[in-house]
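Student: Sharing a structure below in structure tokens format, with a few things to ask.
The values are calculated or read from the model by the stated rules, or taken from the named source; none is laboratory data. These numbers come from a predicted model, not from an experiment. Glycine gets a Cβ as well: all are built from the backbone with ideal geometry, and neighbour counts include every protein chain shown. Just so you know, the surface numbers come from the protein's heavy atoms only, side chains and all, with ligands and any DNA or RNA stripped out. Shrake-Rupley method; radii C 1.70, N 1.55, O 1.52, S 1.80 Å.
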Amino acid sequence: MYVLNDFFNALRLFVQTHAELDIDIKMPMLNHHINGHIRFYSTKNLQNLVEKLVEDLTIVERCSWSSDYLSIWLKKELWASTVMKEILTSGCKYGCNNDHKGTVVSVSSDECNDSVTCFRIELLKEAIQNLAKMNGYLIGSNGLDLLVSKKNNPKNSNLVLCGNVVCNVKVKEYKQRKQDSITKMSANRIESEEYPIDIISKLCHASIVYELLSVRHSKVINTECDTSNKDSGIFIMYNYSRLCQVWEAYEKGVIENFYESLPDICSVNFGLLTSNEEWLLILNHLSMYPLVIQQSVKHLLSASVDVHRLCKFLMEMSSAVSLFYHRHHILSDPISSLLPLMHARLYLVKASIQVYENVFQLLGIDAVREM
């Protein structure tokens, strides 16, 4: 189990035992908890539990009671090091759980043509299957048969309704439009008309996946109404690529004997990651990822799935990565006094890359490490 689950479970048990309350702990949102505290509300005065909570839960640094809510500050160094170890030890399995171990499901679709809506159905079906497996489901027959379809049938309790995509062209032309747009954008960026076609193809697919899956599956998407020049899928990949470039620059420095190899994670001082941008990335994104995986298929047995949560997670994490990247110099000169912080930040970069790639795999996106 992950540090987040362990903490939430321990906190719930503590409050149940000492205050006879069942509490609902909300997942921290992007603009909250930057100062490192988690909050839950209660109509019952919990002031008398403050000291004992700090004594019993080793991950808690301090807490305070204020009229109707309890604020809990975590030990940042312990939390960060635990999360980093979980991610880098688990690798592509980070976020997996056995909540539905052994439960068999199958996911199918009822039609296949060259419309963009049917392409959305296929993307959704693949993502559902991948998420199901991450949560312990077995994909096969002799179990729950889920049908992904654009045809609403109230009598079918196993229907995952996929909203139509309003688009005046077929899927081939839709993809070509995307590719032309990204080719133009890329050419302007590197001041050349030539850009590797394999990268263009991957960026095109990432853009399409985000556009078609970032909205709740039952809602209609109108591609003809989007007049903005923003491409969220490209923004996500761009920030992932930034981290990869930092990591590759470091590895090149190691090969050229400019840097020493990264020390063992157990010897790294993650207490040096004290900025709001670093803590935001660790607490709200890296450590919350397993919860996003868990909640995305929480109601799968009722034919309800939240694939769009993954897209939202990617977008918010990319915003956090962008802030971290712009406000902090990750690679420094190999001066002994600067290396401890650089090593801590490099582990943060490495862990963030792993989480990005895990989500890409779930959504069927090929990573682009250099843009």
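Student: Checking Asn97 against (1) part of a loop (DSSP other than H, G, I, E, B); (2) open to solvent by 40 Å² or more (accessible area, probe 1.4 Å); (3) modelled with pLDDT of 90 or more, which single condition isn't satisfied?
Tutor: The single condition Asn97 does not satisfy is (2).
Student: Does Leu147 count as open to solvent by less than 60 Å² (accessible area, probe 1.4 Å) and in a helix (DSSP H, G or I)? Spell out the reasoning first.
Tutor: Details: open to solvent by less than 60 Å² (accessible area, probe 1.4 Å): yes; in a helix (DSSP H, G or I): no.
The answer is no for Leu147.
Student: So the check is Cβ under 7 Å with 6+ separation or different chains; which pairs have a first residue in region 93-111 that's closer than 26 Å to Cys162 by Cβ and free of Cβ contacts under 8 Å to residues at least 24 places away in the same chain and a second one that's open to solvent by less than 30 Å² (accessible area, probe 1.4 Å) and not in a loop (DSSP other than H, G, I, E, B)?
Tutor: Partner pairs satisfying both residue conditions: none exist.
Student: When region 294-322 is examined, which residues are found to be more than 24 Å from Val209 (Cα to Cα) and among the aliphatic types (A, V, I, L, M)?
Tutor: In the first step, residues of region 294-322 are kept if they are more than 24 Å from Val209 (Cα to Cα); the result is 301-302.
Hit for region 294-322 is Leu301, nothing else.
Student: Count, please, the residues in region 1-21 that happen to be in a helix (DSSP H, G or I) and closer than 20 Å to Trp79 by Cα.
Tutor: Filtering region 1-21 for residues in a helix (DSSP H, G or I) gives 3-19.
In the following step, the residues that additionally are closer than 20 Å to Trp79 by Cα were identified as 3-14.
Total meeting the criteria: 12.
Student: While we're on this one: Residue under question is Val305, and the condition is that it be buried (at least 23 other Cβ atoms within 10 Å of the Cβ) and not charged (D, E, K, R); does it hold?
Tutor: So Val305 passes the test.
Student: Here is a further query. Quick test of your reading of the structure: Lys155 fulfils all but one of (1) part of a loop (DSSP other than H, G, I, E, B); (2) open to solvent by less than 50 Å² (accessible area, probe 1.4 Å). Name the failing condition by number.
Tutor: It is condition (2) that Lys155 fails.
Student: Conditions first: (1) farther than 24 Å from Leu4 by Cβ; (2) within 16 Å of the chain's Cα centre (by Cα); (3) charged (D, E, K, R). Lys312 passes all but one, so which condition is the exception?
Tutor: Here Lys312 clears every test but (1).
Student: Restricting attention to region 198-209, report how many residues are open to solvent by 40 Å² or more (accessible area, probe 1.4 Å) and in contact (Cβ under 8 Å) with a residue 60 or more places away in the chain.
Tutor: In the first step, residues of region 198-209 are kept if they are open to solvent by 40 Å² or more (accessible area, probe 1.4 Å); the result is 198, 201-202, 205.
Those still in the list that are in contact (Cβ under 8 Å) with a residue 60 or more places away in the chain too: 202, 205.
Adding up the residues that qualify gives 2.
Student: Inspect region 119-133 for any residue being out of contact with any Asp or Glu (no Cβ under 9 Å at 6 or more places or on another chain), open to solvent by 40 Å² or more (accessible area, probe 1.4 Å), β-branched (Val, Ile, Thr) and under 17 Å from Leu300 (Cβ atoms) and give the result as yes or no.
Tutor: There is no residue in region 119-133 that is out of contact with any Asp or Glu (no Cβ under 9 Å at 6 or more places or on another chain), open to solvent by 40 Å² or more (accessible area, probe 1.4 Å), β-branched (Val, Ile, Thr) and under 17 Å from Leu300 (Cβ atoms).
Student: Now for a different question. Scan region 231-246 residue by residue and report those that are open to solvent by less than 10 Å² (accessible area, probe 1.4 Å) and closer than 12 Å to Met317 by Cβ.
Tutor: Of region 231-246, the ones open to solvent by less than 10 Å² (accessible area, probe 1.4 Å) are 233, 236-237, 239-241, 243-244.
Residues satisfying the conditions are Ile236, Asn239, Tyr240, Leu243.
Student: Among the candidates Gln16, Gln47, which residue alone is open to solvent by 60 Å² or more (accessible area, probe 1.4 Å), modelled with pLDDT of 70 or more, touching a strand residue (DSSP E or B) at 6+ places or on another chain (Cβ under 9 Å) and not small (Gly, Ala, Ser)? Explain how you work it out, then say what you get.
Tutor: Working: Gln16 fails: touching a strand residue (DSSP E or B) at 6+ places or on another chain (Cβ under 9 Å).
When all the criteria are applied, what remains is Gln47.
Student: Asp68 fails exactly one of the following numbered conditions: (1) surrounded by 14 or more Cβ atoms within 10 Å (Cβ to Cβ); (2) at pLDDT below 85. What is the number of that condition?
Tutor: Here Asp68 clears every test but (1).
Student: Across region 353-371, which residue is surrounded by the most Cβ atoms within 10 Å (Cβ to Cβ) among those that are of a type outside the set (A, V, I, L, M) and within 18 Å of Ser319 (Cβ to Cβ)?
Tutor: Of all residues in region 353-371, those of a type outside the set (A, V, I, L, M) come to 354, 356-358, 360-361, 364, 366, 369-370.
If we keep only those that are within 18 Å of Ser319 (Cβ to Cβ) as well, we get 356, 360.
Working: Tyr356: 23, Phe360: 20.
The extreme case among them is Tyr356.
Student: Failed condition for Ala367, given (1) assigned to a helix (DSSP H, G or I); (2) modelled with pLDDT of 95 or more; (3) under 27 Å from Tyr137 (Cα atoms); (4) not basic (Lys, Arg), with all others met?
Tutor: Only one criterion is unmet by Ala367, namely (1).
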